[in-house]
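Take a look at the structure below.
Taken together, the values in this text are just the output of simple stated rules run on the coordinates, not laboratory data. Predicted, not measured: the structure shown is a model, and the values here were computed from it. Positions of Cβ are backbone-derived with ideal geometry, glycine not excepted, and every protein chain shown enters the neighbour counts.
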Amino acid sequence: MNANDHYLGEVFFDISLFVHCGSLTVLTYQGLCSAFISAVWVAFPLLTKLCMHKDFKQRGAQGKFIAFYLLGMFIPYLYALYLIWAVFEMFTPILGRSGSEIPPDVVLASILAGCTMILSSYFINFIYLAKSTKKTMLTLTLVCTITFLLVCSGTFFPYSSNPASPKPKRVFLQHVTRTFRDLDGNVVKQDSGIWINGFDYTGMSHITPHVPEINDTIRAHCEENAPLCGFPWYLPVHFLIRKNWYLPAPEVSPRTLAHFRLISKEQTPWDSIKLTFEAIGPSHMSFYVRPHKGSTLSQWSLGNGTPVTSKGGDYFVFYSHGLQASAWQFWIEVQVLEEQSEGIVTVAIAAHYFSGEDKKSSQLDTLKKKFPDWTFPSAWVCTYDLFVF
Ligand SMILES: *[C@@H]1O[C@H](CO)[C@@H](O)[C@H](O)[C@H]1NC(C)=O
């Protein structure tokens, strides 16, 4: 081994130590208790180096040196591996429902790259301490290339139905009839279909080969004038899931129809308009509000009284009740700064039928049967009604 490589090996060790000292300083300065992780990553290597100072200088990568080195690094590496394991346990499932806009491969690859950088920090110096630097580099490059080719070849299928380690693809199928009304209460548009949401980045691309009718010709169109694009969102995740599919289907026919009506519309002394509503429907309902241009939602009878917007500026309210609940009455107050001919506010209510016969439809059953076993379709019937006031 030449002296130059030897020197480089030591420099790489010192640089790693320096970087971890840096993070220790920053974390301590910010008062974060997690600084102890960096402390472990500074103390043990530093101790190792102090104890093995002579070996570092003379022997390089020899048996005894390597054994002591590994012993010194054991605790920090064991602890880091444990933490990294927890990170993957957490992020891998989350990325299976992180929406259509975040590519999970990129996120996981970045996390993995970060972990690899941390884990390799105190072992990079071995490239220089090893007998043949060239061979080591060649091996590492080969491993990288093979991994890269395997990843790009698409050999690894992301889902599995194996009960011992299930990796299902989550899909929501909502058989919905949508009714849109104008300011005068006339129905301006009515349609029905099965609204399909995949919860991850791959959308329907793996489903289409099994269910050909779910393809990109039926991508759902955003209703620009309706809150949350005019679909019966069960969760306000419209900013995460931008791609969905709407397969035309006949009207739904739940036995107990949901009712929604305006009870009163009053002018308040403080010059805003209070709209009181009543909703009767199944155990789960969602309510959507979009104040028109020139109007704002100033108060409502829900929560602590202050309206909270969901991402995108519309309002989303989720309501659920037990079997014997009375009608849901609530009010919203709209402050009108500028009167518009198109009304002051658009509201919509979705009724989700989650139980009994009402939940089912023959179209949903037929469609669900076509889904491969590595998917987990949740299917239910809904109605969606939009009003302008
Ligand atoms: C795509 O979906 C439409 C509507 O569901 C269907 O009519 C059409 O046959 C599908 N295309 C293919 C190539 O399967």
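A few notes on this one:
- Taking the chain and dividing mean pair separation by its residue count, relative contact order in percent (alpha carbons under 8 Å, at least six apart): 17
- Whole-Hz ³J(HN,Hα) from phi, Karplus 6.51 cos²θ - 1.76 cosθ + 1.60, for the range 96-111, glycine and proline x: x, 9, 9, x, 7, 9, 9, x, x, 4, 5, 5, 5, 4, 5, 4
- Stretch gain in nm, segment Thr179-Leu262, where the contour uses 0.36 nm per residue and the Cα spacing is subtracted: 28.3 nm
- Number of Lys pairs (Cα under 28 Å; 8 or more positions apart or on different chains) in the range 257-361: 6
- Taking the three principal axes of the alpha carbon atoms in the range 100-186, the coordinate ranges are 84, 34, 23 Å, sorted in descending order.
- Contact order relative to length of the range 172-218, as percent, for alpha carbon pairs under 8 angstrom and 6 or more apart: 30
- Distance (nanometres) between label positions extended 7 Å along Cα→Cβ at Cys222 and Thr116: 3.6
- If R0 is 30 Å, the Cβ-Cβ spacing of Ala67 and Glu89 corresponds to a FRET efficiency of close to 0.40.
- Reciprocal mean inverse distance between Cα atoms of the chain - Kirkwood radius, Å: 26.0
- Distance between modelled label sites at Asn162 and Phe123, nm, 7 Å Cα→Cβ extension: 2.5
- ³J(HN,Hα), Karplus 6.51/-1.76/1.60, whole Hz, each residue of the range 189-205, x for Gly, Pro: 7, 9, 8, 9, x, 9, 8, 10, 10, x, 9, 10, 4, 6, x, 9, 4
- Hydrodynamic radius of the range 247-389 per Kirkwood, over alpha carbon pairs, in Å: 17.1
- Each Lys or Arg adds one and each Asp or Glu subtracts one; over the other residues with Cβ under 11 Å from the Cβ of Val176, this totals -2.
- For the range 226-240, Karplus couplings with θ = phi - 60° (6.51, -1.76, 1.60), whole Hz, Gly/Pro x: 10, x, 6, 6, x, 10, x, 4, 8, 10, x, 10, 4, 7, 8
- Proximal aspartates and glutamates to Lys370, defined as alpha-carbon separation beneath 19 angstrom and excluding residues fewer than eight positions away on the same chain: Glu213, Asp216
- In nm, spacing of pseudo-spin labels at Ala43 and Leu108 (7 Å Cα→C-beta vector): 3.5
- Modelled label reach - Ser301, point 7 Å along Cα→Cβ, the range 264-279 residues with backbone N closer than 13 Å: 264-266, 274-279
- Averaging Cα coordinates gives a centre for the range 289-364 and one for the range 107-130; these two points are 51 Å apart.
- Placing unit charges on the Cβ atoms of the charged side chains and taking the dipole of the chain about its Cα centre, the candidate lying farthest along the positive direction among Ser161, Tyr69, Met285 is Tyr69.
- Judged by a Cβ-Cβ distance under 4.7 Å, the unpaired cysteines of the chain are Cys21, Cys33, Cys51, Cys115, Cys144, Cys152, Cys382.
- Set of lysines with alpha-carbon distance to Lys131 below 25 Å, sequence-local pairs under 8 removed: Lys49, Lys54, Lys57, Lys64
- Highest-first packing order for the peptide set 200-206, 156-162, 18-24 is 200-206, 18-24, 156-162, based on the mean count of other beta carbon atoms within 10 Å.
- Segment Glu213-Arg242, length gained on full extension (0.36 nm per residue, minus Cα span): 8.5 nm
- Stokes-Einstein diffusion coefficient of the range 161-313, Kirkwood radius over Cα pairs, 37 °C, 0.692 mPa s, in µm²/s: 179
- Local electrostatic count, Gly281, Cβ distance below 13 Å [Lys/Arg +1, Asp/Glu -1]: -1
- Once the chain from Leu337 to Asp373 is taken as fully extended at 0.36 nm per residue, the excess over their C-alpha distance is 7.5 nm.
- Beta bridges from DSSP with both residues in the chain: antiparallel share about 85 percent, rounded to the nearest 5.
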